[in-house]
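Asks: Below is the structure I would like to discuss, written out as structure tokens.
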Amino acid sequence: MLAFGESFDRLDADLDTVDSESTVQHADTLAALEKLAELVDVNHRANESKETYRIRVISAYQALTSEGTKNDILTSAATLLNVDESTLTIEDTSEAGVLNLSIPESALDTLAVSETDFIESLENQLAASYRITSTVVGTLKYISEADYLAGTYDTTKGYDHLDVGGDPTGEGGTYSRLLSD
């Protein structure tokens, strides 16, 4: 009976391995990723990390299934950034056919591909005649002069302070910026 039970354990382990190696998100080996990438014609770049390659392959798969809607772009961006969709916002702009994606700066810290590759992968999924702009949302919060003079502001909200020499300490928040235009 022991041999019979061990064979089932090995079978379960083999099935788990096959399952993980057959999905881009869970493939453990570069060889498995390359095999999955053949289906969407994405080649591994020289000196590219496995995680960067994985993100490019995921993006190529998403481009095949995307209809280019705002929700598709939001889902794709959240997947590529490895964040929850609720942390991102996507809105129509005053210009017809232009969407603006707002991304918290902290979401870019773990981005496995370059910002250019990230934007390009989103643009490849847009519906025809649409384009996307992306804004990185900074953490800086402004205070009024009255709050500053009264000292009634929260120092944890990103305001910068000056050191003894009168220079900024660099402990404050960050400004928003355009990721793509």
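Just so it is clear, none of the values below were taken in a lab; they were calculated from the coordinates. Bear in mind the structure is a predicted one, so any value in this text is a computation, not a measurement. Here Cβ is always computed from backbone atoms with ideal geometry, including for glycine, and neighbour counts include all displayed protein chains.
Asks: What residues have an amide H closer than 5 Å to that of Ile103, excluding those fewer than 5 places away on the same chain, when H is modeled at 1.01 Å from N in the peptide plane?
Replies: Residues meeting the criterion, in which the H sits 1.01 Å from N, are Thr135, Val136, Val137.
Asks: Right, next: Between the DSSP loop rule and a limit of at most 12 other Cβ atoms within 10 Å, which GluC sites (Glu not before Pro) in the stretch 69-106 are left?
Replies: Filter output for the stretch 69-106: Glu95.
Asks: List the GluC sites (Glu not before Pro) in the stretch 37-71 that DSSP assigns to loop (not H, G, I, E or B) and whose Cβ has at most 12 other Cβ atoms within 10 Å. Which are they?
Replies: Glu67
Asks: Let me know the charge dipole size of the stretch 3-137 about its Cα centre in debye, to the nearest 20, where only the beta-carbon of Lys, Arg (+1) and Asp, Glu (-1) is charged.
Replies: Dipole magnitude for the stretch 3-137 comes out near 360 debye.
Asks: Now for a separate question. Go ahead and run the numbers for FRET between Tyr153 and Lys50, Cβ-Cβ distance against an R0 of 41 Å, rounding to 0.05.
Replies: According to the calculation, E is roughly 0.35.
Asks: Skipping prolines and chain starts, which residues have an amide H placed within reach, meaning under 5 Å, of the one on Gly97, given they are 5 or more residues away or on another chain?
Replies: Here the answer is none, since no amide H 5 or more places off falls under 5 Å of that of Gly97.
Asks: Sticking with this structure for a sec: Would you mind telling me the antiparallel percentage of the DSSP bridges in the stretch 3-137, rounded to 5?
Replies: Bridges in the stretch 3-137 that DSSP calls antiparallel: roughly 35 percent.
Asks: Another question about this same structure. Put a dot 7 Å past each Cα toward the Cβ at Arg10 and Asn82; how far apart are the dots in nm?
Replies: About 3.5 nm separates the two model spin labels.
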